[in-house]
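The values are calculated or read from the model by the stated rules, or taken from the named source; none is laboratory data. Just so it is clear, the structure is predicted and the values come from calculations on it, not from any experiment. Methodologically, a virtual Cβ is constructed for each residue, glycine included, from the backbone with ideal geometry; neighbour enumeration extends over all protein chains shown.
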Protein chains: 2
Amino acid sequence: MTRTTLKTALDVRLASRAGELKAPTAGLCPAHVQANLLIIPKKYAEDFRGLCKRNPVSCPLLGENIAHGNPQIDPSLAKDGDVTTDAPGYNVYLDGKPVAEDQLDCKEWWTEDSVAFLIGCSFTFEQALTDAGLMPRHQELGKNVPMYKSNIALFPSGIFSGNMVVSMRPYPLEDIERVRDITRPYIQAHGEPVAWGKDAAKRLGISDIYKPDFGDAPVLKEGEVPVFWGCGVTPQLVAMSSPDLKGIAIGHAPGKMLCLDLLIKDMDQ
Amino acid sequence: MTRTTLKTALDVRLASRAGELKAPTAGLCPAHVQANLLIIPKKYAEDFRGLCKRNPVSCPLLGENIAHGNPQIDPSLAKDGDVTTDAPGYNVYLDGKPVAEDQLDCKEWWTEDSVAFLIGCSFTFEQALTDAGLMPRHQELGKNVPMYKSNIALFPSGIFSGNMVVSMRPYPLEDIERVRDITRPYIQAHGEPVAWGKDAAKRLGISDIYKPDFGDAPVLKEGEVPVFWGCGVTPQLVAMSSPDLKGIAIGHAPGKMLCLDLLIKDMDQ
């Protein structure tokens, strides 16, 4: 298997399930929607749904799986998909503290009481940027996108609170209006940027853009400024920041997405 | 006409249209949904729709009127309703600067090119608070709710950007979880609070809660803390903060809402 053979979402899911794909999914199956994942105990589902409704820029809800004990993804989103095996990596939290990182699957932590939420991902709009001659730098370099904890507080919902995680792609200032226009329609994949420019990192409380909290360090060329988008790693920060969330929470490893059969062109805008 | 005769939304609209009701609408027609208003030139409609989708806590979109030159409200929301006459007061902006305040109607500024957006309002959940023995203080006192410009930046959408306006109701700390629970389901009316507690005003960049930017100064009793909600006056601040918004923008006068036939019990949650 090479990365270039992973053209469909099913290819990516099967390679992830087999343990053959352990890398970030940016650039894979470019016609398909990619999703962030959060698995929590069912009793918190209603509060988490509310968190997504109130914070759709970081947490655009694509679907959920509430069949007791059944990790199968809604077939309209992914045929024969399994939330516990089909992402290339999983992080596991107990009572908000990390207990296992970048696991190949999360089967041993899935229970009858688990509910899985699928959340839109900015990789979904990267092909549109590439088609316009604006390929994201991390894709050029074959690296993971840099992601940062920001100072933007989410609007709380029940037990859930926390700050927003943002992803970053550098662009020259003169390209930013085009970048905004291209990504704006992808409202279920974080949409247009939340902040950009020389002082944007400072405004977001990011002290050093070369030291991301998740993903790989970025490379900026002269004249480029950081451009920040909402990021679906946010729910994992929420799982770590909400003291009343007890028990097991599971997220995908940052950048290692669940790839859906759903085509980008058929997504809600 | 006395305030106590205004039991239905139609009563309120007709009294506003006749110029008999010039006061805030909190507490009137308590079974009905109340709405904030923003009227802008049609070419900005798509960007504004995006702003609402990205910022649903301050800008929950209830409906819009895009018939050219027709100020009639969608009859499913308000029978024979007219956006230009049926709120008790209107503010008018030209190129982002206020040009007329608290007008009885805005007919002379409505054009063929106008589009009106109706946005959920926190007055909608006040009856539920009252029914639970938690009547908002401003209603007890027959005053307008205090509203403040905050430091929370909206997520930009096209030409629109700006900061969030918040409304405030004081409660004792021990009541806050009940207040959160009661208002949480009203997701189209700003939902649960965005911040509360002794230091909440400071965190939101509000220097003096006794000097609101809109509405009347609050009265806090000993042991009470401020509780802040999203507020549909936000779009008016956006109209003043978005330099690329040219032409006429019109909002309701803060606290003076458009009352809809739509019943609160039939609202999306």
Can you find even one residue in region B:248-258 that is at positive phi and not aromatic (Phe, Trp, Tyr)?
-> yes
Determine which single condition residue A:210 fails, assuming it passes every other condition in (1) in contact with a strand residue (DSSP E or B) (Cβ under 8 Å, 6 or more places away or on another chain); (2) more than 26 Å from residue A:87 (Cα to Cα); (3) aromatic (Phe, Trp, Tyr).
-> (1)
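Conditions tested, residue by residue: (1) under 20 Å from residue B:155 (Cα atoms); (2) touching a helix residue (DSSP H, G or I) at 6+ places or on another chain (Cβ under 6 Å).
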position	(1), (2)
A:142	no, no
A:146	no, no
A:150	yes, no
A:158	no, yes
A:170	yes, yes
A:175	yes, no
For region B:219-261, how many residues meet the condition of being over 16 Å from the mean Cα position of the chain (by Cα), under 25 Å from residue B:12 (Cα atoms) and not acidic (Asp, Glu)?
-> 0
Kindly establish whether residue B:35 is within 22 Å of residue B:5 (Cα to Cα), more than 14 Å from chain A (Cβ to nearest Cβ) and of a type in the set (A, V, I, L, M, F, W, C).
-> yes
Could you give me the residue pairs with C-beta distances under 7 Å whose first residue belongs to region B:144-169 and is without any contact (Cβ under 8 Å) to a residue 12 or more places away in the chain, whose second residue is in a strand (DSSP E or B) wherever it lies, and which are 6+ apart or on separate chains?
-> B:153/B:163
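Applying the selection to region B:31-48, what residues are crowded, with 18+ Cβ neighbours inside 10 Å and part of a loop (DSSP other than H, G, I, E, B)? Outline the logic, then answer.
Residues of region B:31-48 crowded, with 18+ Cβ neighbours inside 10 Å: B:32-40, B:44, B:47-48.
Of everything in region B:31-48, nothing turns out to be crowded, with 18+ Cβ neighbours inside 10 Å and part of a loop (DSSP other than H, G, I, E, B).
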So residue B:185, is it under 27 Å from residue B:264 (Cα atoms) and surrounded by fewer than 21 Cβ atoms within 10 Å (Cβ to Cβ) | yes
Would you please list the contacts, defined by Cβ atoms under 6 Å and residues six or more apart or on different chains, that run from a residue in region B:76-97 that is among the hydroxyl-bearing types (Ser, Thr, Tyr) to a residue that is surrounded by 24 or more Cβ atoms within 10 Å (Cβ to Cβ) and assigned to a loop (DSSP other than H, G, I, E, B)?
-> B:84/B:106; B:90/B:106
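Going by the structure shown, is residue A:69 at positive phi and touching a residue at least 40 places away in the same chain (Cβ under 8 Å)? Talk me through it step by step, then tell me what you get.
Values: at positive phi: yes; touching a residue at least 40 places away in the same chain (Cβ under 8 Å): yes.
So residue A:69 passes the test.
Here is a yes/no grid of residues against (1) aliphatic (A, V, I, L, M); (2) over 19 Å from residue A:61 (Cβ atoms):
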| site | (1), (2) |
| --- | --- |
| A:120 | no, no |
| A:132 | yes, yes |
| A:172 | no, yes |
| A:177 | no, yes |
| A:188 | no, no |
| A:196 | no, yes |
| A:234 | no, no |
Selection within region B:221-247 - in contact with a strand residue (DSSP E or B) (Cβ under 6 Å, 6 or more places away or on another chain), buried (at least 16 other Cβ atoms within 10 Å of the Cβ) and in a loop (DSSP other than H, G, I, E, B) | B:231, B:232, B:233, B:242, B:247
How many residues of region B:178-202 are in contact (Cβ under 8 Å) with a residue 24 or more places away in the chain and over 24 Å from residue B:257 (Cβ atoms)? The answer is 5
Tell me, yes or no, whether region B:49-59 has at least one residue that is under 18 Å from residue B:163 (Cα atoms), of a type in the set (Val, Ile, Thr), part of a loop (DSSP other than H, G, I, E, B) and modelled with pLDDT of 95 or more.
-> yes
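For every residue, the table says whether it meets (1) of a type in the set (Lys, Arg); (2) farther than 29 Å from residue B:191 by Cα; (3) in contact with a strand residue (DSSP E or B) (Cβ under 7 Å, 6 or more places away or on another chain); (4) outside the structural domain of residue B:244 (by TED's automatic domain parsing).
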{"position": "B:55", "(1), (2), (3), (4)": "no, no, no, no"}
{"position": "B:64", "(1), (2), (3), (4)": "no, no, yes, no"}
{"position": "B:70", "(1), (2), (3), (4)": "no, yes, no, no"}
{"position": "B:77", "(1), (2), (3), (4)": "no, no, yes, no"}
{"position": "B:80", "(1), (2), (3), (4)": "no, no, no, no"}
{"position": "B:85", "(1), (2), (3), (4)": "no, no, no, no"}
{"position": "B:91", "(1), (2), (3), (4)": "no, no, yes, no"}
{"position": "B:100", "(1), (2), (3), (4)": "no, yes, yes, no"}
{"position": "B:109", "(1), (2), (3), (4)": "no, yes, yes, no"}
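Going through B:69, B:96 one at a time, which residue ends up being modelled with pLDDT under 95 and surrounded by 15 or more Cβ atoms within 10 Å (Cβ to Cβ)? Quick ask: steps written out before the conclusion?
Details: B:69 fails: surrounded by 15 or more Cβ atoms within 10 Å (Cβ to Cβ).
Exactly one of B:69, B:96 is modelled with pLDDT under 95 and surrounded by 15 or more Cβ atoms within 10 Å (Cβ to Cβ), namely B:96.
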Condition set of a type in the set (Gly, Ala, Ser) and crowded, with 24+ Cβ neighbours inside 10 Å, scope region B:188-209, selection nearest to the other protein chains (Cβ to nearest Cβ): answer is B:191
So, first residue of a type outside the set (D, E, K, R) in region B:104-115, second residue assigned to a loop (DSSP other than H, G, I, E, B), Cβ within less than 6 Å, six or more apart or across chains; the pairs are B:104/B:19; B:106/B:84; B:110/B:71; B:110/B:84; B:115/B:66
Residue that is nearest to the chain's Cα centre (by Cα), among those in region A:127-173 that are hydroxyl-bearing (Ser, Thr, Tyr) and within 14 Å of another protein chain (Cβ to nearest Cβ) | A:150
Among (1) farther than 30 Å from residue A:156 by Cβ; (2) touching a strand residue (DSSP E or B) at 6+ places or on another chain (Cβ under 7 Å); (3) not β-branched (Val, Ile, Thr) - the single one residue A:24 does not satisfy | (2)
Of the listed residues (A:62, A:77, A:104), the one being away from every other protein chain (no Cβ under 14 Å) and touching a Lys or Arg at 6+ places or on another chain (Cβ under 8 Å) is A:104
